[in-house]
Amino acid sequence: MKINKPIPYGRQYITEDDIHAVKETLLSDYLTQGPKIREFEQKFADYIGCKYAVAVSNGTAALHLSTLALGVEPDDKVICTSITFSASANCVRYCDGEVVFADIDPDTYLLDINSIRKLLEAAPKGTYKGIIPVDFAGRAVNLEQFRQLADEYGLWILEDSCHAPGGFFTDSKGRQHLCGNGQYAELAIFSFHPVKHIACGEGGMITTNDEVLYKKVLLSRTHGITKDSQTYQNSIEFATGGYADEKEYPGWYMEMQELGYNYRLTDFQAALGVSQLKRADNGLARRREIAERYYEAFSGKPYIYGQSGVVEGHAYHLYIIEVEDRLNLYKYLREHNIFAQIHYIPVHLMPYYRQFGYKEGDLPYAENYYQHCISLPMFPTLTDEEQKFVIKTIDRFYNE
Ligand SMILES: Cc1ncc(COP(=O)(O)O)c(C=O)c1O
């Protein structure tokens, strides 16, 4: 078998329809904050099954606006997983809060609820403010269980669903909950970076069922500026420039009522998002097919001792295996044009977080996982031939 093209671990899938959708918007009257934003928000909310969605410039902006809306204040303690992209934790630091990392479950690679419980039990109630669970690799966190624990200790939940649009877990009553549906978490966030399920280039979304949080996020997306005259604080006389008898605010008027940001998505990125969303279920089905093939190929192989597996509701942003001699496998795959990746270097051991006292040995499961994990090519346009080549190359490495 000969593969000429490099095979990355993830790749966007752009069609003629996507290009047409972007072109149409580029030629319209709106480049930013036009009708495509609202359409994308509404269609995404319908897809996820939540009430409100707010499109933003990227997943990191979505996290930042969320921690602001949830009211994170200096020194507030928030629990986060260490096996994630650092943005999941950094949003707490943007508000000067303290990130407290808890360990992962070595079987699911997700934030371990028992590790969280230990932290909560060891501190006086009120010490912690919130939890940021991540639907890591596309596997849905069981938020029903997290909600029970969070309610016991008065915590909010911010679900980082960047890897999991279309992923779901099944609750104790047998109901399926799509990641980010707002049933158990106050807020959830998504990213539309090119390797994710839906690509906008850059892009993000915040989802919620809470109207108050929705309005807060919406306001801070655009500088804290509102054009809703019902909420105006300055007088009509001031707004008009001294016309004491006017009964209405003038058309130009708006108010900046709090400190906000420019975290807007452009209209042509939203057009790409709308177009990509139409194919989201197909992409998900293909990812699940690829996962099944990997799972079957690796089951019973002595050199694989952990893998993402076939899990109901898994959205398979990543397919991860755990192996011995990971570094040399990684190099061997590259020599054969296969660009596997490592997700993730534990965030608590990044130099930035070490300054807060984190050190090796603090989170044994997360650290052990990091020594062995490797993410294999996983994207809807990966061909059967390419996947077979990946599997065969791994086999060859361990059997040569
Ligand atoms: C789990 C997770 N959270 C947050 C982010 C941040 O998203 P973005 O890159 O769109 O800012 C990413 C993106 O890579 C991610 O993987």
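The values are calculated or read from the model by the stated rules, or taken from the named source; none is laboratory data. Just so it is clear, the structure is predicted and the values come from calculations on it, not from any experiment. When we count neighbours, we look across all protein chains shown, and the Cβ atoms used for this are built from the backbone with ideal geometry, even at glycine.
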Close pairs (9 angstrom Cβ cut-off, 6 or more residues apart or separate chains): closer than 10 Å to I104 by Cβ and among the aliphatic types (A, V, I, L, M) in segment 358-370, modelled with pLDDT of 95 or more and assigned to a helix (DSSP H, G or I) anywhere
L363/S115; L363/H348; L363/L349; A366/V347; A366/H348; A366/L349
Do any residues in segment 127-139 that are more than 12 Å from the ligand (Cβ to nearest atom) and part of a loop (DSSP other than H, G, I, E, B) have Cβ atoms under 9 Å from those of residues that are modelled with pLDDT of 95 or more and of a type in the set (D, E, K, R), where the two are at least six apart or on different chains, and which pairs are they?
T127/K77
Sort out for me the strands (runs of 3 or more DSSP E) sitting completely within segment 151-201 that have 3 or more residues that are more than 10 Å from the ligand (Cβ to nearest atom).
156-160, 168-170, 176-178
What are the residues in segment 93-130 that are farther than 16 Å from W156 by Cβ, of a type in the set (D, E, K, R) and out of contact with any strand residue (DSSP E or B) (no Cβ under 7 Å at 6 or more places or on another chain), if any?
D96, D103, D105, D107, R117, K118, E121
Boolean, V100 is touching a helix residue (DSSP H, G or I) at 6+ places or on another chain (Cβ under 6 Å) and of a type outside the set (G, A, S):
no
Restricting to helices (runs of 4 or more DSSP H) lying wholly in segment 326-400: which have 3 or more residues that are in contact with a Pro (Cβ under 9 Å, 6 or more places away or on another chain)?
364-372, 384-399
What single numbered condition from (1) at pLDDT 95 or above; (2) surrounded by fewer than 17 Cβ atoms within 10 Å (Cβ to Cβ); (3) more than 22 Å from L149 (Cβ to Cβ) fails to hold for A53?
(2)
Tally of residues being buried (at least 16 other Cβ atoms within 10 Å of the Cβ), out of contact with any helix residue (DSSP H, G or I) (no Cβ under 8 Å at 6 or more places or on another chain) and either of a type in the set (G, A, S) or assigned to a loop (DSSP other than H, G, I, E, B) (or both) across segment 289-320
3
Can you find even one residue in segment 83-106 that is hydroxyl-bearing (S, T, Y), more than 14 Å from the ligand (Cβ to nearest atom), more than 30 Å from S308 (Cα to Cα) and out of contact with any Pro (no Cβ under 6 Å at 6 or more places or on another chain)?
no
